[in-house]
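The values are calculated or read from the model by the stated rules, or taken from the named source; none is laboratory data. Note that this is a predicted model, so its numbers are computed, not measured. Cβ sites come from the backbone with ideal geometry, for glycine too, and all protein chains shown count toward neighbours.
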Amino acid sequence: MASTQVLKSRIRSVKSTKQITKAMQLVAASKMRRAQDATKASAPYTQAARELLASISGHTSVAHHPLFEKRAVKTRLLIVIASDKGLAGAYNSNVVKLYAEQLIQDDKAGVKNATIAIGRKAAQFASRIKDTQVLGVYQDLPDRPDGSELSAILDSVRTQFTSGSVDAVDIIYTNFISTVAQVPTVQRILPAGLDATEQTGTSGDATYEPSSEEVLDNIAYRLVEAQIFQALLDSRASEYMMRMVAMKNATDNANDLVDDLTLEMNKARQGAITQELAEISGGVEALNE
């Protein structure tokens with residue numbers, strides 16, 4: 001059994017760690033609420049962009065638009081969104097696992113791939129992959145990326161697709177469904193397209209200025225931008241949620257460990273007291289003989 005002094009030192013160390021994890025839990029909870037509000041606020045904009053695109057596609061053909069051009073996929077661009085820091089539970093490992101599955105799937109299908117990594121953890125993993133080309137790395141993005149930061153990613157993606165360097169663009173991120181459900185997801189953003197249910201929505205009475213083709217060109221670009229922006233917001237909300245849970249679990253474990261160490265220390269102290277009493281009793285008896 002460890003000595004009382006050693007146990008006291010371990011208890012102080014665990015309590016110090018518990019204070020840190022508790023603080024990180026509270027910070028993550030505060031940031032998670034803001035990130036959750038942001039992702040909910042932007043979702044209607046993304047949906048409205050898709051509905052407008054569905055309406056315009058009923059007036060003009062999108063088949064020859066450079067962002068809608070469908071071709072055989074020989075090279076695929078993967079945008080991987082992870083975090084810059086660890087201590088977020090399974091957040092990064094889930095994204096990286098899905099990313100690795102996509103790479104294996106491309107390898108089996110004979111499809112080449114390239115990667116844009118968002119977040120230090122994604123960049124570290126992608127840099128170790130032998131047969132993929134890392135086209136860009138974006139780190140330390142704010143919780144709500146501004147226009148310039150988002151445009152840099154979007155312009156790179158659009159250039160790669162319209163130039164024919166890649167035939168499809170998928171984004172791998174963590175979809176924030178609720179506070180108890182965050183699901184790693186693969187979403188295709190290029191070629192831009194619509195679900196069958198969305199393609200039925202048309203507005204015969206609408207008038208587009210200067211023309212439906214020019215409006216289509218702008219809305220298609222904005223739709224892709226909205227999808228990337230929404231994925232970034234969902235990923236950040238999921239990261240904070242999973243970090244909050246991880247830090248809560250760490251705090252609870254620290255409490256349990258302090259209780260166990262305190263019990264062990266009390267046992268050690270009681271054992272020492274009992275031994276000292278036995279020695280005193282033995283000494284008294286020896287003197288009386």
- Query: Within the bounds of the range 230-252, is there any residue that is part of a helix (DSSP H, G or I), without any contact (Cβ under 8 Å) to a residue 12 or more places away in the chain, hydrophobic (A, V, I, L, M, F, W, C) and under 18 Å from residue 13 (Cβ atoms)?
  - Reply: no
- Message: Looking at the range 80-95, I want the residues that are in contact (Cβ under 8 Å) with a residue 40 or more places away in the chain and have a partner that is surrounded by 16 or more Cβ atoms within 10 Å (Cβ to Cβ) and part of a loop (DSSP other than H, G, I, E, B) with Cβ atoms under 7 Å, at least 6 apart or on another chain. Which pairs are those?
- Response: 81/119; 82/119; 83/119; 84/119; 91/83; 95/82
- Looking at this structure, is residue 87 of a type outside the set (Phe, Trp, Tyr), at positive phi, at pLDDT below 90 and in contact with a helix residue (DSSP H, G or I) (Cβ under 8 Å, 6 or more places away or on another chain)? yes
- Message: With hydroxyl-bearing (Ser, Thr, Tyr), modelled with pLDDT of 90 or more and surrounded by fewer than 21 Cβ atoms within 10 Å (Cβ to Cβ) as the only criterion, which of 251, 197, 202 stands out?
- Response: 251
- Item | Output for the range 110-140, where each listed residue is surrounded by fewer than 18 Cβ atoms within 10 Å (Cβ to Cβ) and either acidic (Asp, Glu) or touching a residue at least 60 places away in the same chain (Cβ under 8 Å) (or both) | 131, 140
